[in-house]
Amino acid sequence: MSNSEAAGVERYVQLGREYTAKRKEFREKVRKLRFDTIAVHGMYSVEEAFAQGQGGIIEPLFPSTSQAYRDSDEMEAALAYRIPTWCYSRIHNPTIFYLEETLSLLEAYGCAFDASALCTASGMAAIKQAVEPLLAQDEAQSGEINFVSSAQVYGGTFQLFNVRMKERGAKVRWVSQPWAMKEWEKMVDKQTRFLYTEMPSNPQQACSDLQSLAKLAKHFQIPLIVDSTIATPALLRPLQHGADIVVQSLTKTIGSGGASIGGAIIARHDLTSRHLDDAAKADYAVWLKLWPARDSGPCMSPYSAFFFLNDLRTLRIKVEWFSQNTEAVADFLAQHARVEAVDYLGLKNHKLHELASRYLRLVDSERPAFGHLLSFTIKGGAQEARRFFDNLQRIFRATDLGRIKSVATIPAISTHQQQGDEGRRLAGIPANMVRLCVGGEHPDDIIADLDQALNKI
């Protein structure tokens with residue numbers, strides 16, 4: 001490279017440093033805002049709106065696959081990752097960037113440290129991308145690589161861990177009662193790469209003592225990963241309690257409009273892992289974006305990011321609203337003669353109510369709230385559960401959840417069917433369990449639909 005070429009590249013590098021410093025300064029200001037303000041605005045400022053050219057008050061959609069460069073010097077600096085660039089939407093995209101920034105700010109809300117996010121094509125892609133680098137083979141490794149996970153997780157997660165990760169030479173060790181720390185402690189050893197839990201779990205409403213789990217993970221110098229899809233940062237921010245990585249299926253509560261599929265990994269800076277190198281630990285989400293995700297391609301569509309950004313703006317309001325509706329529905333079901341049992345953490349007689357109340361609290365409030373998901377078992381068994389299910393009139397029969405519309409499913413024949421009888425027994429999912437996600441309808445109308453269907457058993 002000639003001196004003039006080098007000078008041209010360095011000029012762009014200097015401009016990139018100035019841009020990065022300015023954005024970092026603005027981010028620090030945004031971090032001091034309240035949760036709802038961050039959800040509404042994110043990192044999209046009035047100044048940025050005019051810099052984009054039109055002054056639009058919402059983040060613009062950039063559907064283009066790639067970015068053009070002014071000259072070869074700028075291209076060289078960009079593709080060497082020396083300047084901020086979105087170059088190709090498989091790696092980065094401006095609309096997705098706005099979503100990632102907002103999510104990371106919300107998950108790290110109230111934390112002394114910062115975090116970054118990587119958005120993916122689905123929640124399952126987020127989980128797979130988050131865990132795979134942690135399970136990489138090590139030439140100095142002696143013994144079987146393992147990781148420890150709650151057994152009470154979404155059915156797709158169970159299959160990913162039990163089948164796909166086994167194919168890659170990593171053994172999952174299941175914790176059947178994730179609220180019992182002794183179960184976790186006896187599973188962890190020097191070959192363990194990470195701990196994983198879902199809180200609250202789908203559909204069983206299990207939860208874990210996150211602070212104690214984080215302490216255990218730190219002792220073994222491994223990360224704690226938490227799937228917080230049901231709670232969202234409106235109710236729970238696991239990073240505040242010592243977690244290193246949060247995964248979200250944005251398809252669910254955050255994307256309550258139901259128009260898009262997507263996932264996210266939000267990782268604190270300087271996370272704990274004795275198996276990752278320093279560059280990966282320093283900013284895991286960005287490292288994933290620039291290297292592993294670049295190569296495997298689980299990228300989100302900018303169209304999906306655009307929908308998620310607009311769903312995200314009213315997150316706290318919707319979660320509070322859904323939680324209130326669900327509490328009313330849970331109270332009704334708990335007293336119904338044809339219902340065997342109700343799993344909802346908001347019920348005061350639930351065995352995990354006290355533990356859940358320590359962690360699930362409406363953001364910027366001291367008030368416990370328990371979200372939109374509950375499960376219940378029908379008296380009489382599987383056939384009675386199906387008869388009830390088939391008689392629902394207002395509530396949609398679907399495997400979805402987190403919708404503005406109420407949705408129900410039977411996990412044993414849908415979301416958790418593939419894990420088999422043994423896997424469902426381990427996870428506590430009987431054949432007569434119904435999962436109900438309560439939406440934004442008036443609770444009286446949802447209760448009326450449940451009542452008429454129950455009375456037809």
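The values are calculated or read from the model by the stated rules, or taken from the named source; none is laboratory data. Everything quoted here is computed from the prediction, not taken from an experiment. Reconstructed Cβ throughout: ideal geometry from the backbone, glycine too, with neighbour counts over all protein chains shown.
Within region 33-54, the set of residues being within 25 Å of GLY16 (Cβ to Cβ) and free of Cβ contacts under 8 Å to residues at least 24 places away in the same chain comprises HIS41, SER45, VAL46, GLU47, GLU48, ALA49, PHE50, ALA51, GLN52, GLY53, GLN54. Selection over region 331-364 of residues that are small (Gly, Ala, Ser) and farther than 29 Å from LEU213 by Cα gives a count of 2. Within region 24-56, being modelled with pLDDT under 95, surrounded by 12 or more Cβ atoms within 10 Å (Cβ to Cβ) and among the charged types (D, E, K, R) holds for one residue alone: GLU48. Just one of the listed residues (LEU352, LEU345, LEU271, LEU333) is aliphatic (A, V, I, L, M) and in the same structural domain as PRO233 (by TED's automatic domain parsing), namely LEU271.
To keep it simple, each residue is scored yes or no on (1) in a helix (DSSP H, G or I); (2) in contact (Cβ under 8 Å) with a residue 12 or more places away in the chain; (3) in the same structural domain as GLY258 (by TED's automatic domain parsing).
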site: PHE322; (1), (2), (3): yes, yes, no
site: VAL329; (1), (2), (3): yes, yes, no
site: ALA341; (1), (2), (3): no, yes, no
site: SER375; (1), (2), (3): no, yes, no
site: GLN383; (1), (2), (3): yes, no, no
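Looking across ALA385, ALA305, ALA330, one residue alone is touching a Gly at 6+ places or on another chain (Cβ under 8 Å), crowded, with 18+ Cβ neighbours inside 10 Å, among the hydrophobic types (A, V, I, L, M, F, W, C) and over 21 Å from VAL40 (Cα atoms). It is ALA330. Tallying residues that are crowded, with 21+ Cβ neighbours inside 10 Å and in a loop (DSSP other than H, G, I, E, B) within region 154-199 yields 3.
Kindly indicate whether GLY110 is of a type outside the set (Lys, Arg), over 20 Å from LEU288 (Cβ atoms) and buried (at least 19 other Cβ atoms within 10 Å of the Cβ). Spelling it out, it is not the case that GLY110 is of a type outside the set (Lys, Arg), over 20 Å from LEU288 (Cβ atoms) and buried (at least 19 other Cβ atoms within 10 Å of the Cβ). Elements of the type helices (runs of 4 or more DSSP H) sitting completely within region 63-141 and holding at least 3 residues that are among the small types (Gly, Ala, Ser): these cover 72-79, 123-131.
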